[in-house]
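Accompanying notes for the structure given below.
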Amino acid sequence: MSGVIYLQPGREKSLKRKHPWIFSKAIKKVKGNPGLGDTVSVYDADGKFLAIAAYSPQSQIRARVWSFDENTIVDTDFFYNRLKQALSLRDYVIEEGGLTGFRLCAAESDRLPGITIDKFDNYLVCQLLSAGAERHKGELVQALIRLFPGFNVYERSDVDVRKKEGLEPITGVLHGSAPTEPVKIVENGLALEVDILGGHKTGFYLDQRDSRNALSRFSKGKTVLNCFSYTGTFSLYALKAGCEKVTNVDVSESALAIAKRNVEHNNLDLSKVDFIKQDVFKLLREYRENGVKFDTIVMDPPKFADSKAQLTGACRGYKDINMIAMQILKPGGTLLTFSCSGLMEQNLFQKVVADAALDAGRELRIMERLNQAPDHPIAGEYPEGFYLKGLICKVL
């Protein structure tokens, strides 16, 4: 171990409940001179062992727990065993959906803090957000090579949150080679193109798989508006279900180009799809002014709140965009609306959508709740892992 952490009296309660974070204010003293990502032992104020953790001297989350077993050694075997368990938990999801793309590791929810890994065909795309993950990158890659022989490993740690850990954004090949042509995965019988090198996050939103499936039930013979469409996967489910027309709206020209190719990859009717490069807020207002109406609307915006200070503004944003969406829905139409902001709790999101209905002058019936797909599990001791909230609403 590179050092030892002693907690303030009474600040061990969360660790005894197996929560993996230790905040800076909970620490009484640090012995030794642990550096960025070094492994430390954690003790309570009375000197009783609590955990083995990765130290991050610049972050408010000063340490993230690797294990609550003091005999743990954080090495290649450690990562291999954790990843092997994570894979086995997902077996039924992979088999049921015929998936060649899925989330292999969901960071703290799979007891590997700061480590997100998505599998896309024969590529493993890693996003490393913590000092400990960065410190043990080599061992992690070796574990992945052992678990998936012959696969390529690519890093997409190009996110600003790394700066809170004293880390710079970084991308690149960790093993094998970078893709020279579009990577494709299969999801519920649909072929999907994934932009590993330049797409959002790791290249694709695997967490919305179940929500995309849900859209199928509200698409046959319907006009569908897919807002913040990215690479258009929701629209593929609508087309497959027999929609009359689906409109994809996004500000990214490259994402819309992939959306068009995805329609072609699946031999679906391109004449039933529109691709519009425009700001969603602006286009919705234009639709409202021109009296354009839809049967079904998918509202899947990017994260509006990264911190508690931004939550009030995020609520206004969610309220405004859902209000306009309801105003352009036909009576009895269906709204599938989402928030991927972890700080936006389920009940708060539901209240925001209900307030939007009042302002829109429409009656709202929440028919179902949607959440992240099961390859994005939520550890019982880590409620922060529950981030994606969705509602299927009938708007009268």
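Each value in this text was obtained by applying a stated rule to the coordinates, not by laboratory testing. Computed from a predicted structure; not experimentally measured. Here the Cβ positions follow ideal geometry from the backbone for every residue, glycine too, while neighbour counts run over all protein chains shown.
Computed quantities for the displayed model
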| quantity | calculated |
| --- | --- |
| Gap separating the Cα centres of segment 1-55 and segment 238-265, nearest whole Å | 49 |
| Rounded, prolate or oblate (a/c below 1.5 giving rounded, otherwise prolate when a/b exceeds b/c) for segment 3-67 by Cα gyration tensor | rounded |
| Those residues of segment 106-121 whose amide nitrogen sits under 15 Å from the label point placed on N81, 7 Å along Cα→Cβ | 111-112 |
| Proxy reagent accessibility, fewest Cβ within 10 Å first, across I321, I378 | I378, I321 |
| Order by protection proxy (mean Cβ within 10 Å, highest first), peptides 380-390, 322-332 | 322-332, 380-390 |
| Contact order normalised by residue count of segment 254-396, Cα under 8 Å, 6+ apart, percent | 24 |
| Spatial separation of Cα centroids for segment 143-220 and segment 79-132, in angstrom | 11 |
| Packing-based order for 359-369, 217-227, using average beta carbon neighbours within 10 Å, highest first | 217-227, 359-369 |
| Cα-based reach from K351 at 20 Å (exclusive), listing lysines while leaving out same-chain residues under 8 positions away | K303, K308, K319, K389, K394 |
| Cα-projected label distance for Q310 with N266, points at 7 Å along beta-carbon direction, nm | 3.0 |
| Fewest-first sequence of I297, I5 by Cβ atoms within 10 Å of each Cβ | I5, I297 |
